[in-house]
Amino acid sequence: MHHRIPRQPDSDQDSASRADHDARLGAELAAVLAGARRRAVRDGDRHIDTAHLLHSLLETDPEVREACGDDGPRLARLFGYLVQRSIGYGLRWQSTVEDSGALPVMTVAEGYSPLAAAALEHSAGRAARRGDDRPRGLDLLAALVTDPDARAVEVLTRAGIDTEQLLKRLEPAPRG
């Protein structure tokens, strides 16, 4: 059977590389990545994108849920958009690579959209600037909303969340 959308590769080399990457990010974000990976495969998506990461973050991290909206209706609307991606809302994203044009397009073997990969790197940089070895969920959330072309930003905006204000709230206070 020929699949219209290729599945993410699962070779031993890719699995080892993925495990190294996940370990570098720590257990908290490794769990987020695993959830995003399962969601992408289940949805038939070629890459883990920023919306997959956002969905997994919201499912696993109470601080991220609180940052995105502590009122029930806003969070329900946000989860609604994320769940709908596989049954209608996100169908226009299928078989396309999430890319703002500012980064080189990654190969399918790497498994992440360019924006998702950049967000993971950015989250590690935020943690390092804070003096931590590993990023936390809020670091990844801040990284996900830095690019206005990210699918995560589109989902958050449709749910009524001002991503510019969210990013300002997530920025660390200046050291004095």
Filter pass, L54 being under 18 Å from D162 (Cα atoms) and assigned to a helix (DSSP H, G or I): yes
Residue match in segment 77-93 (condition: at pLDDT 80 or above and of a type in the set (S, T, Y)): yes
Candidate set from segment 15-37 (those that are modelled with pLDDT under 90 and surrounded by 19 or more Cβ atoms within 10 Å (Cβ to Cβ)); member that is farthest from the chain's Cα centre (by Cα): R18
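Condition check ((1) crowded, with 23+ Cβ neighbours inside 10 Å; (2) closer than 24 Å to L25 by Cα; (3) among the acidic types (D, E)) across all residues:
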{"residue": "G131", "(1), (2), (3)": "no, yes, no"}
{"residue": "P135", "(1), (2), (3)": "yes, yes, no"}
{"residue": "L141", "(1), (2), (3)": "yes, yes, no"}
{"residue": "D162", "(1), (2), (3)": "no, no, yes"}
A40 vs. criteria at pLDDT below 90, in a helix (DSSP H, G or I) and within 21 Å of H122 (Cβ to Cβ): yes
Pair list, Cβ under 8 Å, 6 or more apart: segment 121-132 residue on the phi < 0 side of the Ramachandran plot and of a type in the set (S, T, Y), other residue at pLDDT 90 or above and in a helix (DSSP H, G or I): S123/L29; S123/D139; S123/L140; S123/A142; S123/A143
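The values are calculated or read from the model by the stated rules, or taken from the named source; none is laboratory data. These figures come from a predicted structure and were not determined experimentally. All Cβ positions, even for glycine, are placed from backbone atoms using ideal geometry, and neighbour counts span all protein chains on display.
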